[in-house]
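S.K.: If you scroll down you'll find the structure; I have some questions about it.
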């Protein structure tokens, strides 16, 4: 069967097939084979139709000359295009570096607006070649975001990118996010969960990192960090959290494993003792205020308390949290 290399936007290289070789040999020896010539011979110029309508074999060197010249010209044009692109990028990099003044200030950039952030992140992930580290707090993610991220992440893993992601324990009971994580793990990525993730973080090849601006409450401002020292610090924080997190080896369906339920419950009680409201605890742990309230009712029944203040006092007095941490 004839074949061509499938290279989008470029001329395809034709591969001669076994039938083509046999047809060419027969034609050279004056034994034309009935039927049409294999397409590969026509594409390669080894068989040409002459004026009387018959097919004539052409010496390979003559047939190859025009095609090779055309491909060599195309290669030279691509080289020229690549050189022009590199020069343009270098000039743009100079402007990019100078736009924030002197020093290292240009190594931390502000990206404003959700669309600009999404486009910048997409470009960085697409350019990633070796490693992609992400921390995604906030519990379950919307289905439309998961659908958009899945194709990009699977493509990155397919390119050989080492991908590690940290979520919060609550995604284990959020089916859309759990399904997404299952596909990532089966493709070769790694996913771990923790009771509380420090903050959102994306690091590409340890060369550029993205973090939210703490002053932005609506995730409309992100910081693109290229300072090597800052990136090393962010990676060290990620690695510390990664070691504490639990691997996502199984996909339990709708409930957290008991050991993780206990871990989430202890985190809730620690935050409650420290004065956090149910809403604030829910935001930190990526869960709903109703779920937090359910765990609080469990604790109230366990300790026999009648108020939040009394519960916090009884927990602190009992040493329950300290014993559970040992």
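S.K.: Which of the residues spanning region 119-138 are under 23 Å from residue 241 (Cβ atoms) and assigned to a helix (DSSP H, G or I)?
M.R.: Taking region 119-138 first, the residues under 23 Å from residue 241 (Cβ atoms) are 121, 124-125, 128, 130-138.
Those that are under 23 Å from residue 241 (Cβ atoms) and assigned to a helix (DSSP H, G or I): 121, 124, 125.
S.K.: How do the helices (runs of 4 or more DSSP H) wholly within region 1-111 filter down when requiring 1 or more residues that are loosely packed, with under 12 Cβ neighbours inside 10 Å and at pLDDT 80 or above: which remain?
M.R.: It comes to 18-28, 60-98.
S.K.: Just one of (1) outside the structural domain of residue 231 (by TED's automatic domain parsing); (2) out of contact with any strand residue (DSSP E or B) (no Cβ under 6 Å at 6 or more places or on another chain); (3) exposed (fewer than 11 other Cβ atoms within 10 Å of the Cβ); (4) at pLDDT 75 or above trips up residue 115, so point out which.
M.R.: Failing condition for residue 115: (1).
S.K.: Moving on to the next point. What are the pairs, 6+ residues apart or on separate chains, where a residue within region 310-322 that is without any contact (Cβ under 8 Å) to a residue 60 or more places away in the chain has its Cβ under 9 Å from a residue that is surrounded by 16 or more Cβ atoms within 10 Å (Cβ to Cβ) and in a loop (DSSP other than H, G, I, E, B)?
M.R.: Every condition considered, the pairs that remain are 311/305; 312/305; 313/305; 314/305; 315/305.
S.K.: Another question, then. Is region 238-254 home to any residue that is surrounded by 13 or more Cβ atoms within 10 Å (Cβ to Cβ), in contact with a helix residue (DSSP H, G or I) (Cβ under 7 Å, 6 or more places away or on another chain) and modelled with pLDDT under 65? Spell out how you get there, then give the answer.
M.R.: First, the residues of region 238-254 that are surrounded by 13 or more Cβ atoms within 10 Å (Cβ to Cβ): 238, 241-242, 245-246, 248, 251.
Checking which are in contact with a helix residue (DSSP H, G or I) (Cβ under 7 Å, 6 or more places away or on another chain) leaves us with 246, 248, 251.
Within this subset, residues satisfying the condition of being modelled with pLDDT under 65 are 251.
For region 238-254, residues surrounded by 13 or more Cβ atoms within 10 Å (Cβ to Cβ), in contact with a helix residue (DSSP H, G or I) (Cβ under 7 Å, 6 or more places away or on another chain) and modelled with pLDDT under 65: present.
S.K.: Just one of 165, 193, 177, 170 is crowded, with 16+ Cβ neighbours inside 10 Å, more than 17 Å from residue 124 (Cα to Cα) and in contact with a strand residue (DSSP E or B) (Cβ under 6 Å, 6 or more places away or on another chain); which is it? Can you show your working first?
M.R.: Working: 165 fails: more than 17 Å from residue 124 (Cα to Cα); 177 fails: in contact with a strand residue (DSSP E or B) (Cβ under 6 Å, 6 or more places away or on another chain); 170 fails: in contact with a strand residue (DSSP E or B) (Cβ under 6 Å, 6 or more places away or on another chain).
Checking each option against the conditions leaves just 193.
The values are calculated or read from the model by the stated rules, or taken from the named source; none is laboratory data. Just so we're clear, the structure is a prediction, and the values are computed from it rather than from any experiment. Neighbour counts run over all protein chains shown; Cβ positions are idealised from the backbone, glycine included.
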